[in-house]
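A short write-up of the structure that comes next.
Every read-out reported here was derived from the displayed coordinates using simple, explicitly stated rules and does not represent laboratory data. The structure presented is a predicted model; accordingly, all values stated were derived computationally and were not measured. Positions of Cβ are generated from backbone atoms using ideal geometry, with glycine treated the same way; all protein chains shown enter the neighbour counts.
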Amino acid sequence: MVLGKQGAGKGTQCVRLSHHYVVPHVSSGDMLRAAVKSRAELGLRAQVLMDQGELVSDELIMEMVGQRLAQPDVRLRGFVLDGCPRTITQAEMLDELLAPETLDLVIDLEVPTHLVLRRLAARRVCVDCGTNYSVSSPPALKGICDVCGGEVVQREDDTEEAIGRRLELYERQTAPLLHFYRRANLLAIVNGTGAADAVTRRVVRVIDEHLMDDRGRPRSERA
Ligand code: ADP
């Protein structure tokens, strides 16, 4: 599972990790945006909160994530969890969902707030597949996703006001998870600054050290 402030590069790194380890990428933010787009009831309930940078209720999130984690691909291969849990209550509900198994590792991507603010303001995203771009590294064709041809836009909730609110909620609700997972002996802190490739190399090294035995074989089935 990957933690980190908004704009710390969680989404980008989780997509890369899911390709690297060939496991599903389970992102609560992507699932919510898909529900909004398909005008599912859950999406309509969540949309106003998301646009304001508020958190969606723990129950709604965990019902959605729980359904995804029960699917066979996830049970078979393990998963990279992105954007959830974001509160202690969600972390406790996740523990119950996974029992008798547990998370293998929680990565916290550390990026100072001033860098995060700069990254969020420059962030652009594909509305179809969720690939992230930025003003300084846009898709090859303006406004068109390199991966799927979808439309590349600035997210509705990447306004200055909503970003400020998300960071405030991060400090209040999500930062306490660092202590929660440190106590559970699951936390690894990784420097999230610099180029995405360099960050991915750091994260993969940490995961491999934790999850592979001395012969490079997985210690368990999950990643
Ligand atoms: P970011 O990391 O930029 O905040 P996400 O894509 O992870 O973006 O989430 C977008 C929005 O979706 C959040 O601001 C919040 O409203 C909602 N959301 C996503 N995951 C959760 C969660 N685990 N708990 C509550 N709300 C969530």
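Counting each DSSP H run of 4 or more residues in the chain as -39500 (n - 2.57), what helix-only mean residue ellipticity at 222 nm follows after dividing by all residues, to the nearest 500 deg cm²/dmol? Could the numbers behind the result be given before it?
On the way: 10 runs with 106 residues, N = 223.
Per the formula, -14000 deg cm²/dmol.
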Within region 1-90, report the trypsin sites (Lys or Arg not before Pro) that DSSP leaves as loop and that have at most 14 other Cβ atoms within 10 Å. ARG39
Rounded, prolate or oblate (a/c below 1.5 giving rounded, otherwise prolate when a/b exceeds b/c) for the chain by Cα gyration tensor: rounded
